[in-house]
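Data first, discussion second: the structure below is written as structure tokens.
Please treat every number below as a calculation from the coordinates, not as lab data. None of these values were measured; they are calculated from a predicted model. Don't worry about glycine lacking a Cβ; one is built from the backbone with ideal geometry, like all the others, and counts go over all protein chains shown.
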Amino acid sequence: MTGTVAFERHDAEAVNSARLRKPLYSARRKIFPKRAKGPYRNFKWLVMAVTLGIYYLTPWIRWDRGPFAPDQAVLIDLANRRFYFFFIEIWPQEFFLVAGLLVMAGLGLFLLTSTIGRAWCGYTCPQTVWVDLFLAVERAIEGDRNARIRLDQGPWTARKIALRTLKHAIWLAVAVATGGAWIFYFADAPTLLRDFVTGQAAPVAYTTVAILTATTYVFGGLMREQVCTYMCPWPRIQAAMLDEHSLTVTYNDWRGEPRSRGTKKAAALGIETGDCVDCNACVVVCPMGIDIRDGQQLECITCALCIDACNDVMDRLGRDRGLISYATLADYNANMALATGNGTHAIKPSLVRDASGRISDTVARFHPRKLLRPRTFIYFGSWALIGLLLVYGLVSRDRLELNVLHDRNPQYVVLSDGSIRNGYTVKLLNKIPEPRTVTVRLGGLPGATMSAVGMEDSESKQITVTLEPDRTRSLKIYVRQPREKNRTPGKAQRLVFHVVDKSSLDSAEYVTNFESPE
Amino acid sequence: MSQKEIDEISGVATTGHEWDGIKELDNPMPRWWLWTFYATIFWALVYTIAYPAWPLVTSATTGILNWSSRADLQAELVSAEAAKSDYIAAIEKASVEEILADDTLRQFAISAGAAAFKVNCVQCHGSGAAGSPGYPNLNDDEWLWGGSPEDIRATIAHGIRFAGDDETRVSEMPAFADILSRDEIDAVVKHVLALSSGGDVADAGAEIFAQNCAACHGDAGKGNPELGAPDLTDAIWLYGSEPAEIAAQIRRPRHGVMPAWEARLGETAVKELTVYVHSLGGGE
């Protein structure tokens with residue numbers, strides 16, 4: 001008799017089986033972006049030329065400010081605490097202007113993101129620009145995608161060593177130039193370059209160049225897309241600025257699917273196919289190593305190179321451009337509904353094509369009017385308002401200022417003739433790079449006279465002071481009032497310091513108190 | 001343990017953690033992150049070898065760089081002293097008048113003098129140098145011993161009625177309670193008040209004043225800085241302006257004492273103090 005042994009068979013698999021286990025840490029998978037050609041690529045070259053040009057050349061622009069100020073157009077003079085920007089000179093207390101610019105830059109980024117998506121990431125972010133530059137170097141030396149893959153996988157021949165050495169040498173040279181350009185913003189560029197080359201520059205200059213060289217080389221050459229994917233917070237934050245009317249680089253699967261590598265064969269079999277021929281042109285050009293056909297994703301910096309690549313293929317196939325395009329989510333959803341009969345069936349590209357096989361006029365296309373939305377108005381409005389306030393702040397600021405600090409200990413002094421004296425620290429700020437002679441005058445206090453420590457003038461109603469260019473002068477001024485002129489003993493009286501530059505008619509005043517005993 | 005949940009969109013297993021419907025994907029960390037982590041550990045080890053770090057029983061490792069915050073402070077103090085040395089050398093050589101005439105030196109001396117004043121002088125003269133009854137206000141323009149730079153310097157250097165200095169300033173007003181009668185003193189008080197307020201001075205006290213007081217305070221009561229005799233005609237009263245206060249000062253005068261500072265602080269500090277006091281507004 002053959003018995004049957006009862007046992008239970010479990011429907012299970014070991015969670016940590018070697019087959020399922022994933023590595024805890026994974027190596028970077030190399031990306032070899034192919035060169036793209038087209039309007040977006042050209043635009044990116046242009047942006048690269050402009051942004052790098054601005055960065056490298058700005059410190060060398062000269063701007064004549066006369067003999068008492070540096071002639072560098074853009075200079076952050078930390079030692080003297082002055083910031084020069086062409087015709088604008090900013091003192092530390094006016095730094096709010098720079099802070100305002102930073103706020104504008106932030107709001108501008110919001111505005112840009114809410115309208116044209118991650119254009120900052122795709123075109124102007126320094127990481128993108130330098131990676132693009134480093135890739136151009138790599139391509140020039142090692143060849144385009146296929147040649148680079150072959151070289152990378154091939155053995156270490158003399159040629160490979162030579163090419164790699166050359167590439168890294170040029171990368172390092174670019175990195176040094178990048179770090180080097182940075183320090184020229186903080187000192188007179190020609191002088192600093194000479195000092196730097198001859199080893200006479202300050203240690204901080206060499207340290208800065210070394211650090212920026214390292215970061216440029218590592219981020220631009222070695223890390224590349226990983227900086228955007230793993231290190232940058234902006235891809236996470238930008239989701240808050242995007243809405244369904246923001247333009248993003250989109251694979252229009254409502255006309256692309258079902259993708260097919262053999263359209264003629266499929267047509268012969270009566271199978272309807274989309275425009276995508278699965279050539280992977282969009283994949284090989286992508287510097288982020290993604291497939292845009294998987295949909296909008298965090299890694300996509302919207303550099304639009306896949307649009308260039310795909311349009312090129314569509315042109316060759318004689319199909320409409322725009323299989324991959326800048327599109328809004330709203331338009332995409334509308335077209336998707338059109339192609340799927342509101343989701344009742346799979347995508348039928350024939351529903352979005354007209355009789356001639358072209359894309360039908362009924363599909364939703366982006367209209368510039370959609371740029372005007374409450375969100376963009378609010379961003380633009382705040383941006384413009386801050387801009388106007390900054391312009392107002394800039395043109396209305398005083399170039400001659402006066403600050404007065406009343407002595408608090410003692411608040412007043414009784415003099416031998418019975419008159420009352422108060423002491424003040426008066427600071428005169430000459431904010432133009434020229435010497436001037438100004439007059440300090442008292443007002444508001446009956447019978448008041450003054451004298452300044454270290455100045456010859458005896459008691460008088462006004463004193464004449466020379467100010468050095470672009471400097472603050474601090475004066476100790478004693479103001480005295482005869483006892484009989486004080487009608488309110490024990491109470492503070494109003495005292496006004498006026499300062500006037502008679503040649504430029506600049507003036508300022510400061511209201512303070514004059515104290516007296518009861 | 002149950003089957004791992006696979007995220008539908010990404011095809012990646014989740015960690016099982018969920019917040020408001022958002023699930024965490026179980027993606028592997030990039031390996032460069034691991035290397036960075038190892039690099040920081042290595043850096044920390046190097047750091048603890050290079051700098052003081054590991055606690056021992058009674059002390060701690062000093063690190064092979066021999067760095068210490070005390071040495072840092074010492075170096076900073078030395079460089080601060082070095083930065084000041086040019087000014088101090090110039091002040092040593094210059095007279096007080098020369099310091100006052102030089103913008104930079106004057107400002108340096110005022111700052112240095114103010115610091116010395118805060119340490120040595122505020123106990124009597126107050127932090128604002130405004131004094132108090134019995135302790136002169138240094139801001140005003142009355143000077144018992146003269147308000148010229150040289151007078152002020154001599155006063156600070158040698159002190160007043162200070163036993164330890166031969167050149168100290170000395171004066172002593174007799175106790176008139178032993179010399180004059182109560183009525184005579186009252187008459188002098190009235191006269192002195194009249195001098196100060198600009199009233200009629202041809203009163204009964206005038207003659208007593210001329211005989212007993214004018215020798216030091218002068219016929220018109222204008223005082224004499226040579227003798228440290230105060231001006232009685234102005235609005236400033238060291239011991240108070242009430243008749244009773246003046247009478248008390250005539251009967252049994254109080255005499256202030258100030259130490260001689262040159263022996264303690266040196267010539268340079270005395271010059272700096274002089275410039276500071278002179279700059280308070282009353283200097284002549």
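What distance in nm separates the simple spin-label points at A:LEU57 and A:LEU405, each placed 7 Å from Cα in the Cβ direction?
4.7 nm
Using just the C-alpha positions of the stretch B:1-136 as equal point scatterers, what log10 of I(q)/I(0) does the Debye formula give at each q in 0.17 1/Å?
Relative scattering, expressed as log10 I(q)/I(0), comes to -1.03.
Just the ratio, please: alpha-carbon radius of gyration of the stretch A:174-323 over 2.2 N^0.38 Å, N its number of residues.
Output field value: 1.58.
Which stretch or stretches of the stretch A:453-483 have amide N atoms under 20 Å from the point lying 7 Å from A:THR437's Cα along the Cα→Cβ direction?
Under cut-off, by backbone N: A:453-475.
Hey, could you get me the Stokes-Einstein D for chain A, Kirkwood radius over alpha-carbon pairs, 37 °C and 0.692 mPa s, rounded to whole µm² s⁻¹?
110 µm²/s
If you bin every alpha carbon distance in chain B into 10 Å steps from zero, what whole percent lands in each bin?
Spelled out bin by bin, chain B gives 6, 19, 18, 13, 10, 8, 6, 7, 6, 4, 3, 1 percent.
Decide, for the stretch A:336-474, between rounded, prolate and oblate: order the square roots of the alpha carbon gyration tensor eigenvalues as a ≥ b ≥ c, take rounded if a/c falls under 1.5, and otherwise choose prolate if a/b is larger than b/c, else oblate.
Taking the square roots of the gyration eigenvalues as a ≥ b ≥ c, the stretch A:336-474 is prolate.
Explain nothing, just the number: dipole magnitude of the stretch A:400-514 about its Cα centre with +1 on each Lys and Arg Cβ and -1 on each Asp and Glu Cβ, in debye rounded to the nearest 20.
460 debye
Over all alpha-carbon pairs of the stretch A:243-366, lay out the pair-distance distribution in 5 Å bins, whole %, shortest bin first.
2, 11, 21, 25, 21, 13, 5, 1, 0
Cross-link partners among aspartates and glutamates for B:LYS23, C-alpha distance below 13 Å, same-chain residues fewer than 8 apart left out?
B:GLU5, B:ASP7, B:GLU8
R0 = 30 Å: FRET efficiency of A:ARG35 with B:ARG31, Cβ-based, nearest 0.05?
Computed FRET efficiency for A:ARG35 and B:ARG31: 0.60.
Quick one: helix A:39-57 against the long Cα principal axis of chain A, what's the angle to the nearest 10°, folded into 0 to 90?
Between helix and principal axis, roughly 30 degrees.
If packing is taken as the average count of other Cβ atoms within 10 Å, what order do A:401-413, A:261-273 fall into, highest mean first?
In descending order of packing, they fall as A:401-413, A:261-273.
Just rank A:ILE54, B:ILE88, A:ILE477, A:ILE301, fewest to most, by other beta-carbon atoms within 10 angstrom.
Least to most surrounded, the residues fall as A:ILE54, B:ILE88, A:ILE477, A:ILE301.
Running Debye on the stretch A:312-369 with equal point scatterers at the Cα sites and no solvent, what base-10 log of I(q)/I(0) appears at q = 0.23 Å⁻¹?
Debye intensities relative to I(0), on a log10 scale: -1.03.
Taking the C-alpha atoms of the stretch A:400-514, how large are the radius of gyration and the largest Cα-Cα span, Dmax, in Å?
Rg, Dmax (Cα atoms, Å): 14.2, 44.
Starting from the Cα gyration tensor of the stretch B:176-251, take the square roots of the eigenvalues, sort them a ≥ b ≥ c, and report rounded, prolate or oblate (rounded when a/c is under 1.5, otherwise prolate if a/b is larger than b/c, else oblate).
Rounded.
Can you tell me the 0 to 90 degree angle between the C-alpha axis of helix A:96-116 and the longest principal axis of chain A, rounded to 10?
That helix lies at roughly 20 degrees to the long axis.
Want the number for A:LEU166 to A:SER507: 0.36 nm per residue separation, take away the alpha-carbon distance, what's left?
116.5 nm
Mind giving me the FRET efficiency for A:VAL50 and B:PHE42? R0 is 41 Å, r the Cβ-Cβ distance, nearest 0.05 is fine.
So, using R0 = 41 Å, E works out to roughly 0.50.
How many angstrom lie between the Cα centre of the stretch A:167-207 and the Cα centre of the stretch B:211-269?
What the calculation gives is 69 Å, centre to centre.
Would you please name the trypsin sites (Lys or Arg not before Pro) within the stretch A:61-164 that are DSSP coil residues with at most 14 other C-beta atoms within 10 Å of their C-beta?
Filter output for the stretch A:61-164: A:ARG81.
What ranking do B:ILE160, B:ILE41 get, fewest neighbouring Cβ atoms within 10 angstrom at the top?
If I rank by nearby Cβ atoms, fewest first, I get B:ILE41, B:ILE160.
Computed over the Cα atoms, what is the radius of gyration of the stretch B:24-70 divided by 2.2 N^0.38 Å, N being its residue count?
Ratio of Cα Rg to 2.2 N^0.38 Å: 1.76.
Cross-link candidates for A:LYS30: which lysines have Cα within less than 25 Å, leaving aside residues fewer than 8 places away along the same chain?
Within the straight-line cut-off, A:LYS30 pairs with A:LYS22, A:LYS44, A:LYS160, A:LYS167.
If the limit is 19 Å between Cα atoms, which of A:LYS431/A:LYS502; A:LYS491/B:LYS190; A:LYS485/B:LYS190 go over it?
Listed pairs above 19 Å: A:LYS491/B:LYS190; A:LYS485/B:LYS190.
For the stretch A:27-90, state the average projected area of the convex hull of the C-alpha atoms over all orientations, rounded to one decimal in nm².
Hull-based average projected area comes out at 8.3 nm².
Can you tell me the FRET efficiency between A:LEU101 and B:ALA163 if r is taken as the Cβ-Cβ distance and R0 is 60 Å, rounded to the nearest 0.05?
My answer for the efficiency is 0.30.
How far apart, in nm, are two points set 7 Å out from the Cα along the Cα-to-Cβ line at A:ALA173 and at A:ASP144?
With each label point 7 Å from Cα toward Cβ, the separation is 2.5 nm.
Please compute the modelled spin-label separation between B:LYS118 and A:CYS232, points set 7 Å along Cα→Cβ, answer in nm with one decimal.
Using points 7 Å along Cα→Cβ, the separation is 5.1 nm.
Could you please report the charge total around B:MET173, scoring K, R as +1 and D, E as -1 over all other residues with beta-carbon less than 11 angstrom from its beta-carbon?
Around B:MET173, the surrounding residues sum to +2.
Alpha carbon centre of the stretch A:212-280 versus the stretch A:326-350: separation in Å?
18 Å
Calculate the translational D of the stretch A:60-163 in whole µm² s⁻¹ from Stokes-Einstein, where the hydrodynamic radius comes from the Kirkwood formula applied to all Cα pairs, the temperature is 4 °C and the viscosity 1.567 mPa s.
Reported coefficient: 71 µm²/s.
Under a cut-off of 14 Å between alpha-carbon atoms, report the aspartates and glutamates in cross-link reach of A:LYS348, not counting same-chain residues fewer than 8 places apart.
By straight Cα distance, A:LYS348 reaches A:ASP253, A:GLU257, A:GLU272, A:ASP275.
Of the options B:ALA75, B:THR48, B:ILE160, report the single residue whose Cα projects farthest towards the positive end of the charge dipole of the stretch B:46-192 (beta-carbon charges: Lys, Arg +1; Asp, Glu -1).
Ranked along the dipole, the leading option is B:THR48.
Determine the shielding of peptide A:406-415 by partner chains: average, over its residues, the number of Cβ atoms on other chains within 10 angstrom of each Cβ.
6
If I stretch the segment between A:ALA79 and A:LEU24 completely, what's the gain in nm (0.36 nm per residue apart, minus their alpha carbon distance), one decimal?
14.9 nm
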